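Below: one structure, written as structure tokens.
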Amino acid sequence: MGGTNPYIKDPEVKLPTQKFIVRVENANKVIEVDPSKIPYGDTGLPGSLLDILLHAGVEMDHACGGVCACATCHVYVKQGAETCSSVEEAENDMLDMAPDLKTGSRLACQCVPSGEADISIEIPSWNRNYAREGN
Ligand code: FES
């Protein structure tokens, strides 16, 4: 499932122009992101962490299909957050419903890295069962 949410305005994002790395610390996964292949799929904002994770075989939960309507794609951005799209009001509203909020909490479907730095993320423990390593 994918698509856009007609009730919210897409955030302004700066898509990457150079390759960068997304590390998923607690899934032992290192993903090289190739900007020429973005979007990888049609789930979450193009180039979002969710788009990147799903393409890399990390099966993050994304109950609403990546349209900022569920908070099940909650991740912690531990490094490189300053190069990610900013948190818009709609994402903030959804994060208010997510358990275990911390500094760096983002919805993977709304967080788009610019590629100006490598990113490290952690998947919350309550969502860890959903994260499976793929190819
Ligand atoms: S997948 Fe539902 S908010 Fe991200």
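A few notes on this one:
- Semi-axes of the equivalent ellipsoid for the range 31-92, Cα gyration tensor, largest first, Å: 17, 15, 11
- Arranged from fewest to most other beta-carbon atoms within 10 Å of their beta carbon, I21, I38 become I21, I38.
- Stretch in the chain that is longest and holds no trypsin sites (Lys or Arg not before Pro) that DSSP places in a loop and that have at most 13 other beta carbons within 10 Å: 20-101
- Modelled label positions at D93 and D10, each set 7 Å beyond Cα in the direction of Cβ, lie 1.9 nm from each other.
- Cα pair distances exceeding 18 angstrom across the chain, given as percent: 46
- Entry note, the range 42-129: relative contact order of 39 percent, from Cα contacts under 8 Å with a spacing of 6+ residues.
- Counting beta carbons within 10 Å around each of L53, L95, L101, L45 and listing the fewest first gives the order L101, L95, L45, L53.
- For N28 and T103, a Förster radius of 25 Å and the Cβ-Cβ distance give a FRET efficiency of 0.65, rounded to the nearest 0.05.
- Mean Cα-pair separation over length for the range 1-54, i.e. relative contact order, pairs under 8 Å, 6 or more apart, %: 31
- Ranked for footprinting exposure by Cβ neighbours inside 10 Å, fewest first, T4, T72 give T4, T72.
Computed from the coordinates by the stated procedures, all read-outs in this text should not be read as laboratory data. If you're wondering where the values come from, they're calculated on a predicted model, not measured in any experiment. FYI the Cβ positions are ideal-geometry reconstructions off the backbone, even for glycines, and counts take in every protein chain you see.
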